[in-house]
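Below is one structure, written out as structure tokens, with a few remarks after it.
The values are calculated or read from the model by the stated rules, or taken from the named source; none is laboratory data. Computed from a predicted model, the values in this text were never measured in an experiment. No Cβ is skipped: glycine too gets one built from the backbone with ideal geometry, and neighbour counts run over all protein chains shown.
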Amino acid sequence: MSPLPYELVARGKVREVYAVDDERLLLVASDRISAYDAVLPTPIPDKGRVLTALSVWWFDQLTPVLEAHGAAHHLISATDVPAEVAGRAMLVHRLEMEPVECVARGYLSGSGTVEYQRTGAIRDVALPAGLVEGARLPEPVFTPSTKAEAGQHDEAITFAEVVAAVGAERAEALRELTLALYRRGAEIADGAGIVLADTKFEFGTRPGTDGLVLGDEVLTPDSSRFWPARTWSPGAAQPSYDKQYVRDWLTSSGWDRVSPPPELPEDVVAATRERYVAAYEQLTGTPFV
């Protein structure tokens, strides 16, 4: 990728962030893939383009929900970007980000299952007895987490800790908007034959304002668990459109999660790309070009 005429201000596991001016940033999605807090040495072709195209599509779908809550999203344009990053970049508003990850769960899975089996709850959110892996929850729940530094783990936190971090009014607004966005996203996904098990949103505010703005990526296979609805069957881990396929391969490979992660085999790379593209095409109803 050719150097861009902007200052690189942040490099994450998947994205580079460039300063365009005092009010705008350029978010560029790479083909890197991370798992277990490590960036793997093998990229997934077209992954960055899928993440960008799907986020752009979702921002449009979710605008009515945002507006109903007096909120907005950060996307300015996905076309007014440098040619060398066309298709994988978004021009966005600069935001002052909230210090919490806003997680919504409609199904029991992942770390939520582990904590539920130990305590019957996910932090301060009590759940009914007898739930199994992959079970649908009676109602979607808000299970926020910390925003960890690079290389560290996000940690689930209680709603009281969110209140302590941002204040009671803002905490309630974050919970309400997170659950509203999840419900609408799940409804749209269900219409496309996909179960939206859980997802993560990030919010901020534009400098000098206090209205919430949805930032980062939204409802992608990197930030969500997508399951095929036709194969959903509670009681076990579910087939998925997200990077769980890569996590499963890493687990079976014997990687100790301490040494540098291994290269991914060609068949795993191809199957992972296929899952990302399938998620995009099934959700949007349009072919990925």
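Taken together, Pro138, Pro128 contain a single residue that is modelled with pLDDT of 95 or more, assigned to a loop (DSSP other than H, G, I, E, B) and more than 20 Å from the chain's Cα centre (by Cα), which is Pro128.
When restricted to residues that are closer than 15 Å to Ala86 by Cα and either of a type in the set (Phe, Trp, Tyr) or in contact with a Lys or Arg (Cβ under 8 Å, 6 or more places away or on another chain) (or both), segment 7-24 contains 2. Consider segment 251-267 and keep the residues that are of a type in the set (A, V, I, L, M, F, W, C) and at pLDDT 95 or above. The one that is farthest from Leu51 (Cα to Cα) is Trp255. Check whether at least one residue in segment 102-116 is part of a helix (DSSP H, G or I), among the acidic types (Asp, Glu), in contact with a strand residue (DSSP E or B) (Cβ under 9 Å, 6 or more places away or on another chain) and within 23 Å of Val162 (Cβ to Cβ), and report yes or no. Yes.
Residues that are touching a helix residue (DSSP H, G or I) at 6+ places or on another chain (Cβ under 7 Å) and not in a loop (DSSP other than H, G, I, E, B) were ranked within segment 237-272; the one that is surrounded by the fewest Cβ atoms within 10 Å (Cβ to Cβ) is Ala271. Counted as qualifying within segment 1-91 are the strands (runs of 3 or more DSSP E) with 2 or more residues that are of a type outside the set (A, V, I, L, M) and under 30 Å from Ser259 (Cα atoms), namely 15-19.
For (1) modelled with pLDDT of 95 or more; (2) touching a His at 6+ places or on another chain (Cβ under 8 Å); (3) crowded, with 20+ Cβ neighbours inside 10 Å, each residue gets a yes or a no:
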{"position": "Ala53", "(1), (2), (3)": "yes, no, yes"}
{"position": "His74", "(1), (2), (3)": "yes, yes, yes"}
{"position": "Cys102", "(1), (2), (3)": "yes, no, yes"}
{"position": "Tyr107", "(1), (2), (3)": "yes, no, yes"}
{"position": "Gly110", "(1), (2), (3)": "no, no, no"}
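Evaluation of Val218 against the conditions (1) without any contact (Cβ under 8 Å) to a residue 40 or more places away in the chain; (2) β-branched (Val, Ile, Thr); (3) crowded, with 21+ Cβ neighbours inside 10 Å shows that the sole unmet condition is (1). Evaluating Val103 against the criteria (1) more than 19 Å from Leu179 (Cβ to Cβ); (2) of a type in the set (Val, Ile, Thr); (3) within 20 Å of the chain's Cα centre (by Cα) leaves one unmet condition, (1).
Are any residues in segment 168-199 surrounded by fewer than 22 Cβ atoms within 10 Å (Cβ to Cβ) and over 16 Å from Phe142 (Cα atoms), and if so, which ones? Passing the criteria: Glu187, Ile188, Asp190, Gly191, Ala192, Gly193. Tell me yes or no: at least one residue of segment 114-128 is over 30 Å from Arg24 (Cβ atoms), surrounded by fewer than 18 Cβ atoms within 10 Å (Cβ to Cβ), acidic (Asp, Glu) and free of Cβ contacts under 8 Å to residues at least 24 places away in the same chain. No, segment 114-128 has no match at all.
Taken over segment 20-44, the criterion of being loosely packed, with under 15 Cβ neighbours inside 10 Å and touching a residue at least 24 places away in the same chain (Cβ under 8 Å) is satisfied by Asp22, Glu23, Tyr36, Asp37, Pro41.
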